[in-house]
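The values are calculated or read from the model by the stated rules, or taken from the named source; none is laboratory data. The structure displayed is predicted, hence computed values, not measured ones. Neighbour counts run over all protein chains shown; Cβ positions are idealised from the backbone, glycine included.
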Amino acid sequence: MIDINLSINTDLAREILAGFIKSEITRAGMSRAVIGLSGGIDSALSCALAVEALGKENVLAVRMPYKASSKDSLDHAQLLIDQLGIPNKTIEITGMVEPLFKLDPQITKMRMGNIMARERMIVLYDQSEVFKGLVVGTGNKTEILLGYSTLYGDSACAINPIGDLYKTQVRQLSRAMNIPAPIIDKAPSADLWAGQTDEDELGFTYEDVDKLLYLLVDQRYSPQEAVEAGFSEKFVNAVATRVRRNQFKRMLPPIAKVSNRTVGYDFLYLRDWGT
């Protein structure tokens, strides 16, 4: 297999991403951020970057456990809260989602996970109004490309500082920013049910898929070229299919065109237009 190096200049990445947060939030006329802190590495890194950009007093961390959530998730989130010294809230979502679960005795774990993800986003946007801060996203490039997120759930945010970092690069930058070791070292999990891990659900490791995605996306390899580079044909086809199938999650809903200036087609302006 060809050598694939996903290492980044962590000092430069840190400067760019903190600068991105500060400039995007400032141009929206605001100075604060709200982040759902799950106890995982992605939200921890986004939170640390926001603190660097805005100051610890301007970042609200919100923990939103369900009754089956791992205690480790709460404890690990608390490690970061204590390290950064940031305002925080814990808002349990059990009483919010259980009535909907009970409407269907046949409800699946997937549906329950999606409901919880969307309820957490409701909570975050409510706290955004209370704290007067923008919701900062926590999805990495690997998850975005694979569609491993809930539409209008954990994928919803005002800005996303880590969406162009593969999972392995998130780990690298997290180490450079002294994210607590228990957060970095544990198996990635959405913590939707007991024993759930991302890699078990996906069927492959982040280390392997990051290298393949780098070839397919960043280097514009065709699936056949990726196979020739040393990846199994089954793995390549499965990942490429998943990336294509989840394109709709990476786009705003398409609007049917009936006029000369349609939003998203002809009516196109930068985010800060008019400010």
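Would you say GLY230 is small (Gly, Ala, Ser), surrounded by fewer than 18 Cβ atoms within 10 Å (Cβ to Cβ) and touching a residue at least 40 places away in the same chain (Cβ under 8 Å)?
When the stated conditions are applied, GLY230 passes them.
Please tell me if PHE235 is crowded, with 16+ Cβ neighbours inside 10 Å and part of a loop (DSSP other than H, G, I, E, B).
It is false that PHE235 is crowded, with 16+ Cβ neighbours inside 10 Å and part of a loop (DSSP other than H, G, I, E, B).
For GLY29, are the conditions met, namely being buried (at least 20 other Cβ atoms within 10 Å of the Cβ), in contact with a Ser or Thr (Cβ under 8 Å, 6 or more places away or on another chain), on the phi > 0 side of the Ramachandran plot and in the same structural domain as ILE179 (by TED's automatic domain parsing)?
For GLY29, the condition - buried (at least 20 other Cβ atoms within 10 Å of the Cβ), in contact with a Ser or Thr (Cβ under 8 Å, 6 or more places away or on another chain), on the phi > 0 side of the Ramachandran plot and in the same structural domain as ILE179 (by TED's automatic domain parsing) - is not met.
Of all residues in region 83-130, which are among the hydrophobic types (A, V, I, L, M, F, W, C) and over 21 Å from the mean Cα position of the chain (by Cα)?
The answer is MET96, VAL97, LEU100, PHE101, LEU103, ILE107, VAL130.
Of everything in region 107-146, what is assigned to a loop (DSSP other than H, G, I, E, B) and closer than 18 Å to GLY40 by Cα? Give them in sequence order.
GLY137, THR138, GLY139, ASN140 - these are the residues of region 107-146 that are assigned to a loop (DSSP other than H, G, I, E, B) and closer than 18 Å to GLY40 by Cα.
Taking TYR152, is it surrounded by 19 or more Cβ atoms within 10 Å (Cβ to Cβ) and either of a type in the set (Phe, Trp, Tyr) or at pLDDT 95 or above (or both)?
The answer is no for TYR152.
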